[in-house]
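Comments concern the structure below.
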Amino acid sequence: MASRTAVVATRVGGNSELVAEQETGLLVPSDDHAAMARAILSLLQDQQRCRQMGEAGRRRAEQQFSIEAMVRNYERLYLEVA
């Protein structure tokens, strides 16, 4: 997402926390190869949607997963605990 690229990922682990479905990318079942192919093709066939998801992904990465965001979250946590 940080590279402004729409994401196609499987619904495993923390992927559903990282990827905002239909906003920053598409999530598919882990064992559904056809769904993965359809998701990839749908983005390749709609470049505007792909760019929009890529831009939204970059914003999400900067806002929620940057070093600055991590520091803010740790500060907030420490203040709550203290």
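The values are calculated or read from the model by the stated rules, or taken from the named source; none is laboratory data. The structure displayed is predicted, hence computed values, not measured ones. FYI the Cβ positions are ideal-geometry reconstructions off the backbone, even for glycines, and counts take in every protein chain you see. Surface areas here come from the heavy atoms of the whole protein model, side chains and all, with no ligands, DNA or RNA. Shrake-Rupley method; radii C 1.70, N 1.55, O 1.52, S 1.80 Å.
Dividing the mean sequence gap of close Cα pairs (under 8 Å, 6+ apart) by how many residues region 17-56 holds gives a relative contact order of 42 percent. Using the Karplus relation 6.51 cos²θ - 1.76 cosθ + 1.60 with θ = phi - 60°, the per-residue 3J(HN,Hα) values for region 6-18 come to 4, 9, 10, 9, 8, 7, 10, x, x, 4, 6, 7, 7 Hz, with x marking Gly and Pro. Per residue, the accessible area of region 1-48 comes to 63 Å² when a 1.4 Å probe rolls over the protein heavy atoms.
Considering only protein heavy atoms and a probe of 1.4 Å, how much of the accessible area of the chain is carbon and sulfur, as a whole percent? Kindly include the intermediate steps, with their values, before the conclusion.
Details: 3110 of 5790 Å².
For the chain, the apolar C and S fraction of the accessible surface comes to 54 percent.
Looking at region 1-55, which GluC sites (Glu not before Pro) are in a loop (DSSP not H, G, I, E or B) and have at most 14 other Cβ atoms within 10 Å?
On the way: sites: GLU17, GLU21, GLU23, GLU55; in loops: GLU23.
Answer by residue number: GLU23.
In percent, rounded to a whole number, the relative contact order of the chain is 36, using alpha-carbon pairs under 8 Å and six or more apart. Only helices enter this figure: runs of n ≥ 4 DSSP H residues, each worth -39500 (n - 2.57), summed and divided by the residues of the chain, yield -19000 deg cm²/dmol at 222 nm to the nearest 500. Shape verdict for the chain, please, from the Cα gyration tensor: rounded (a/c under 1.5), prolate (a/b greater than b/c) or oblate. Judged from the Cα gyration tensor, the chain comes out oblate (a/c at least 1.5, b/c at or above a/b). Of ARG51, ARG38, ARG60, the residue with the greatest mean-square motion in the GNM of the chain, using alpha carbon springs below 10 Å, is ARG38.
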